[in-house]
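Asker: Got a structure for you, questions after.
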């Protein structure tokens, strides 16, 4: 009884969480002109309030309990009722904290970063709208509410990538992101139809309750999970729908940090973790998820090695890390995947914000070939960026070490090939991240004098988030230490109730004993060390700078294996040609011609028959007489 | 008697407007359409409280042939009446800062159109329904013919004859029905109770189907539409696309499916196949259209294709979705054409190419244009989403693969809409000396009302469902 | 022909006469070019029909046919009046009543 009262008391704060950002959106959108730079503070305050409420829920939600409530009936017809409701459980709470927490820091950062932009208020209204949709995504108690957030964040992503709308290539990138996401969304949508039709509803409770009636591996569940995974591929930028994410770097850097690294792109992983039960019931899909993740991870890491745009490197790194998370999910290590989502959110946001700080200092320059030696000028950025780099490289004791190690250990238990591939991908990650770090911060400055003169550390609104994120990039890992170091894994313990159902279904890979675990850690760390050494020798000792026009294989890599061009040739161009053909040949010539032919036939008949009207009276009379005779004849015969 | 008042107000208004002149006409037209809207709101409350009884009007007109003047009301009719009377004030208001020659005749025709449309939606006798159906064609013909753009003579004639040919088929269908029904009546209640009509249902189906398919239009009966939308004055296009299209889809549910159930069942697969093929076909064509209004016309074909696909899926979900989407599409398409009109009015450039940079000078316009586009590409929480979701699910219940194919509309819709938006609104201005004042007050009122409607029905679609579900349940049983 | 007249009904005489008159009228209308003559030929045809009607009326013993003849005569008179007026005005304009000249109204 006590718990019951406690839970209902949490409904109001829970429903208020998304309302604050929505309010912020309306205020900053409607009164942006009047608020001027205050709108940034206002928007940040709204997110802080949401964060406070999320924290309140986190502290007060009783363990092993979840809060599931409906606000109103959204769509209700026949015997189907799709309600608008929220589910607060450990999984959504983790995401809530990440979204609002990192969201707030990035809002704060943006106040400094966007200070001189004329669209300052507009930027914050979009950001707030994004947080609103992201919160719907993680809080929804049904796939449909998740889908609202899912499409909504896609919209905000579109708006923010194309934030500087004067530049048409940015607009192209925005459009590309939206459309590619829509491809995934179609999969999600059809997946929802399957669930609605066969599993009797869209809320997680009903779906899970009915799904367990189907045998594991039944084609229905495989179809549903594959379709959901198509959605996840779009949103979380997996092969083959990943090309929009690197382009999405056209948006302002805080956007890349918030949307395209920390939160939105992890929605796909959240969704699969949320649907862990039905995924666990579909081993085939798990296999697909795993391989797509592994391949994406390696593929993106390879491309990342040759990029020269600081943000592009980070973008490919994000794709690669997302692949790693999917691989974890595919193995069945849901908590490890989620754990990596959280740590990745911290250090990738940190890296992007650090990159933003670099770009800010460089006055807009993003090409690493014109940087170098920045460590001396921007100390805080340098230090925090180093922490981020170490964290993503999985160096002990930074956050990335724990989460990555967990995934590698799980893959070692499940599939040795996968483990090898993921280790290679991690090695490459370490390499390109240190390449990025050395090229940017070490040695001497390679830019223009004017830029050199301009170099300065960012204001406190920008550095404070860097510092906070750096602290978390160091500390977050201790939430989930491997068994060899600590007896309690706080993170997976907290999430355990969410994955309870699927745990028994996943073939339990015997937990690696301490010796193996230590061996794996040793291998991972030494591999990372080798990579760092390689990067050091290339970019510091030999002082190499990526050439402008690479040759041979590296040309392919630098041009991202020409995948964009490939898509252009086999999908975009043909559709345009088909569109023209359909319009000019089919619509105008065939379909309309049939219509016009009907009109023409009438006209032609008229034109021809009128020739009978010769104007010669004699002929008329003659024709009349003949006509009458014919009629009489017919009358006689019949 | 309420039914008669619904018809009487616009008819009287139409006659009254003939005696007004100049600026008075548009003000009078606005006031009168608002009066009608207010009366519709009253009708809505009455319907909710007392049901259809206060709306029933039944008098015998002629004993032989047996014709009743029968007006009545049910949820679906009321929905369409609300749509009509809601859009009319917006359409009138949208022409406020446009130079219109002989405005008294223009607005008079418009209100006459409103009269006819209301009649179509509340007529419950086939004969009366047919009269109103044809009556609605006359004002729109004159509107397009007298106030249209280039090539209007040819285009309007094509439109007129094409739709008239469709109507002729429908007339034949009614004749068959009249002769085939033992009691010789065209009363809706009689026709639907009399499913054992001796007539050949295949013939009936095709006659009705083609008649409605031309009006809707379902591919391949659509070729009158893009040209007409382009040529007609924008207010005319709004009437055509916002409301008149819905006459066709409304009639599918009102007349075709309950009256010819066997025929529909037999030929369902062709009807639904054509509809779904039309969605993809029109969407793909829309991608590369260079003319803005023509692009919107093709997008409209794609949207109504989905509506008719949902209807022909013949299940509650599809039909319910189709009604929601009819309402949503009516609102959105009026907004879209209004935006196209604003652009054309200020730049005199009908093409998608050669524009751009509008976002810089008219941010308010760009924002509301975006909102309407979002409704049109079916973003959740906008009215378009609920409709498309239910329609696609309705089609899914009929056939999974078909729904995947139809679902391409959510991708292709985003492609052509965003491409258009980018070329027209974003980027740097291409036109030199572009003078593009931001929204005037009347434009603001129209676009904001449309924006509010888009979100209202996206968040509370149940208002529509509750209104129409009882009726649909009787149909789908 | 003889057989028809000798063994048949006396009515047949009227039939034959009427047919001959009608055919002469048709031929006249067909082959003459003078408007006035065509008009007269039309009258001839009408009168042949009148003859037939009267004869049948007498034969069958009721007066309906005769009444109808009066109608035809009235109409014919009106028609001739109009027709002649037309011809006079045509003649005034073209100095001819040849109908082959009157071919302006074609196509």
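Asker: When residues of segment A:81-107 are filtered for being buried (at least 23 other Cβ atoms within 10 Å of the Cβ), more than 16 Å from residue A:16 (Cα to Cα) and more than 20 Å from the chain's Cα centre (by Cα), how many remain?
Answerer: Total satisfying the criteria: 1.
Asker: Take the residues of segment C:66-107 that are within 14 Å of chain A (Cβ to nearest Cβ) and part of a loop (DSSP other than H, G, I, E, B): which is surrounded by the fewest Cβ atoms within 10 Å (Cβ to Cβ)?
Answerer: Residues of segment C:66-107 within 14 Å of chain A (Cβ to nearest Cβ): C:83, C:86-87, C:90, C:94, C:96-107.
Then drop every residue that is not part of a loop (DSSP other than H, G, I, E, B), which leaves C:96-97, C:102-107.
Numbers: C:96: 14, C:97: 18, C:102: 15, C:103: 13, C:104: 6, C:105: 9, C:106: 12, C:107: 9.
That would be C:104.
Asker: Does residue B:254 qualify as being within 14 Å of chain A (Cβ to nearest Cβ) and not in a loop (DSSP other than H, G, I, E, B)? Spell out how you get there, then give the answer.
Answerer: Values: within 14 Å of chain A (Cβ to nearest Cβ): no; not in a loop (DSSP other than H, G, I, E, B): yes.
So residue B:254 fails the test.
Asker: Here are B:48, B:97, B:68, B:60: which of them is in contact with a strand residue (DSSP E or B) (Cβ under 7 Å, 6 or more places away or on another chain) and exposed (fewer than 15 other Cβ atoms within 10 Å of the Cβ)?
Answerer: Working: B:48 fails: in contact with a strand residue (DSSP E or B) (Cβ under 7 Å, 6 or more places away or on another chain); B:97 fails: in contact with a strand residue (DSSP E or B) (Cβ under 7 Å, 6 or more places away or on another chain); B:68 fails: exposed (fewer than 15 other Cβ atoms within 10 Å of the Cβ).
Only one candidate qualifies: B:60.
Asker: Here is a check on your reading of the model: is residue A:129 outside the structural domain of residue A:463 (by TED's automatic domain parsing) and in contact with a strand residue (DSSP E or B) (Cβ under 8 Å, 6 or more places away or on another chain)?
Answerer: Working: outside the structural domain of residue A:463 (by TED's automatic domain parsing): yes; in contact with a strand residue (DSSP E or B) (Cβ under 8 Å, 6 or more places away or on another chain): no.
Answer is no for this residue.
Asker: Hey, another quick one. Being free of Cβ contacts under 8 Å to residues at least 24 places away in the same chain, farther than 20 Å from residue B:459 by Cβ, assigned to a helix (DSSP H, G or I) and in contact with a helix residue (DSSP H, G or I) (Cβ under 6 Å, 6 or more places away or on another chain) is the filter here, so list the residues in segment A:146-178 that pass it.
Answerer: Correct list: A:158, A:171, A:175.
Asker: Read through the list (1) over 25 Å from residue B:302 (Cα atoms); (2) part of a helix (DSSP H, G or I); (3) touching a helix residue (DSSP H, G or I) at 6+ places or on another chain (Cβ under 7 Å), then give the number of the only condition that residue B:434 fails.
Answerer: (2)
Asker: Here are some conditions: (1) outside the structural domain of residue A:523 (by TED's automatic domain parsing); (2) closer than 30 Å to residue A:279 by Cα. Residue A:305 meets all but one. Which one does it not meet?
Answerer: Among (1) outside the structural domain of residue A:523 (by TED's automatic domain parsing); (2) closer than 30 Å to residue A:279 by Cα, the lone unmet condition for residue A:305 is (2).
Asker: Can you pull out every residue in segment A:538-562 that is part of a loop (DSSP other than H, G, I, E, B) and either modelled with pLDDT under 75 or more than 25 Å from the chain's Cα centre (by Cα) (or both)? Full working, then the answer.
Answerer: First, pick out the residues of segment A:538-562 that are part of a loop (DSSP other than H, G, I, E, B): A:542-551, A:559.
A:542, A:543, A:544, A:545, A:546, A:547, A:548, A:549, A:550, A:551, listed by residue number.
Asker: If you check every pair at least six apart or on different chains, which have Cβ atoms under 8 Å apart with a residue in segment A:568-585 that is more than 7 Å from chain B (Cβ to nearest Cβ) first and a residue that is outside any helix (DSSP H, G or I) and modelled with pLDDT under 85 second?
Answerer: none
Asker: Which members of segment B:372-401 meet the condition of being away from chain A (no Cβ under 11 Å) and more than 21 Å from residue A:82 (Cβ to Cβ)?
Answerer: If the condition is that a residue be away from chain A (no Cβ under 11 Å) and more than 21 Å from residue A:82 (Cβ to Cβ), then B:372, B:376, B:399 are the ones that fit.
Asker: Report yes if some residue within segment B:407-415 is more than 12 Å from every other protein chain (Cβ to nearest Cβ), modelled with pLDDT of 90 or more and within 21 Å of the chain's Cα centre (by Cα); otherwise report no. Write out each step before concluding.
Answerer: Going through segment B:407-415, the residues more than 12 Å from every other protein chain (Cβ to nearest Cβ) turn out to be none.
No, segment B:407-415 has no match at all.
Asker: Return yes when residue A:621 is within 11 Å of another protein chain (Cβ to nearest Cβ), part of a helix (DSSP H, G or I), touching a helix residue (DSSP H, G or I) at 6+ places or on another chain (Cβ under 7 Å) and at pLDDT below 85 and no when it is not. Quick ask: steps written out before the conclusion?
Answerer: Working: within 11 Å of another protein chain (Cβ to nearest Cβ): yes; part of a helix (DSSP H, G or I): yes; touching a helix residue (DSSP H, G or I) at 6+ places or on another chain (Cβ under 7 Å): yes; at pLDDT below 85: yes.
So residue A:621 passes the test.
Asker: Condition (residue is part of a helix (DSSP H, G or I) and more than 30 Å from residue B:470 (Cα to Cα)) applied to segment A:72-87: is it met by at least one residue? Steps first, answer last, please.
Answerer: Applying the first criterion (part of a helix (DSSP H, G or I)) to segment A:72-87 yields none.
Taking every residue of segment A:72-87 in turn, none turns out to be part of a helix (DSSP H, G or I) and more than 30 Å from residue B:470 (Cα to Cα).
Asker: Could you tell me which numbered condition residue A:391 fails, if it satisfies all but one of (1) in a loop (DSSP other than H, G, I, E, B); (2) under 23 Å from the mean Cα position of the chain (by Cα)?
Answerer: (1)
Asker: May I pose another question? Taking the condition of being closer than 16 Å to residue B:451 by Cα and without any contact (Cβ under 8 Å) to a residue 60 or more places away in the chain, how many residues in segment B:332-365 meet it?
Answerer: 1
Asker: Which number in (1) within 11 Å of chain B (Cβ to nearest Cβ); (2) part of a helix (DSSP H, G or I); (3) touching a helix residue (DSSP H, G or I) at 6+ places or on another chain (Cβ under 7 Å) marks the one condition that residue A:232 misses?
Answerer: Only one criterion is unmet by residue A:232, namely (1).
Asker: Check segment A:427-444 and report whether any residue there is surrounded by 24 or more Cβ atoms within 10 Å (Cβ to Cβ), in a loop (DSSP other than H, G, I, E, B) and touching a helix residue (DSSP H, G or I) at 6+ places or on another chain (Cβ under 9 Å).
Answerer: no
Asker: Here is a follow-up. In segment A:182-209, what count of residues is obtained for those that are free of Cβ contacts under 8 Å to residues at least 12 places away in the same chain and in a helix (DSSP H, G or I)? First the steps, then the outcome.
Answerer: Step one: filter segment A:182-209 for residues free of Cβ contacts under 8 Å to residues at least 12 places away in the same chain, giving A:193, A:197, A:200, A:206, A:209.
If we keep only those that are in a helix (DSSP H, G or I) too, we end up with A:193, A:197, A:206, A:209.
Summing the residues that are free of Cβ contacts under 8 Å to residues at least 12 places away in the same chain and in a helix (DSSP H, G or I) in segment A:182-209 gives 4.
Asker: Within segment B:377-402, work out how many residues are in contact with a helix residue (DSSP H, G or I) (Cβ under 7 Å, 6 or more places away or on another chain) and not in a helix (DSSP H, G or I).
Answerer: Residues in segment B:377-402 being in contact with a helix residue (DSSP H, G or I) (Cβ under 7 Å, 6 or more places away or on another chain) and not in a helix (DSSP H, G or I): 6 in total.
Asker: From the set of residues in segment A:60-80 that are in contact with a helix residue (DSSP H, G or I) (Cβ under 6 Å, 6 or more places away or on another chain) and closer than 17 Å to residue A:18 by Cα, which is farthest from the other protein chains (Cβ to nearest Cβ)?
Answerer: Checking each candidate, the answer is A:67.
Asker: Given the condition in a helix (DSSP H, G or I), facing chain A (nearest Cβ under 9 Å), modelled with pLDDT of 90 or more and at negative phi, answer yes or no: does some residue in segment B:438-456 qualify? Please lay out each step first, then the result.
Answerer: Here is the first cut: in segment B:438-456, the ones in a helix (DSSP H, G or I) are B:441-456.
Narrowing the set further to residues that are facing chain A (nearest Cβ under 9 Å) leaves none.
No, segment B:438-456 contains no residue that is in a helix (DSSP H, G or I), facing chain A (nearest Cβ under 9 Å), modelled with pLDDT of 90 or more and at negative phi.
Asker: What's the number of the condition residue B:277 fails, among (1) within 14 Å of chain A (Cβ to nearest Cβ); (2) buried (at least 21 other Cβ atoms within 10 Å of the Cβ)?
Answerer: Failed condition: (2).
Asker: Residues that are modelled with pLDDT of 90 or more, at least 3 per element: which helices (runs of 4 or more DSSP H) completely within segment B:283-366 meet that?
Answerer: Working: elements: B:292-312, B:316-347, B:358-361.
The qualifying helices (runs of 4 or more DSSP H) are B:292-312, B:316-347.
The values are calculated or read from the model by the stated rules, or taken from the named source; none is laboratory data. Bear in mind the structure is a predicted one, so any value in this text is a computation, not a measurement. Neighbour counts are summed over all protein chains in view; Cβ atoms, including those assigned to glycine, are modelled from backbone coordinates with ideal geometry.
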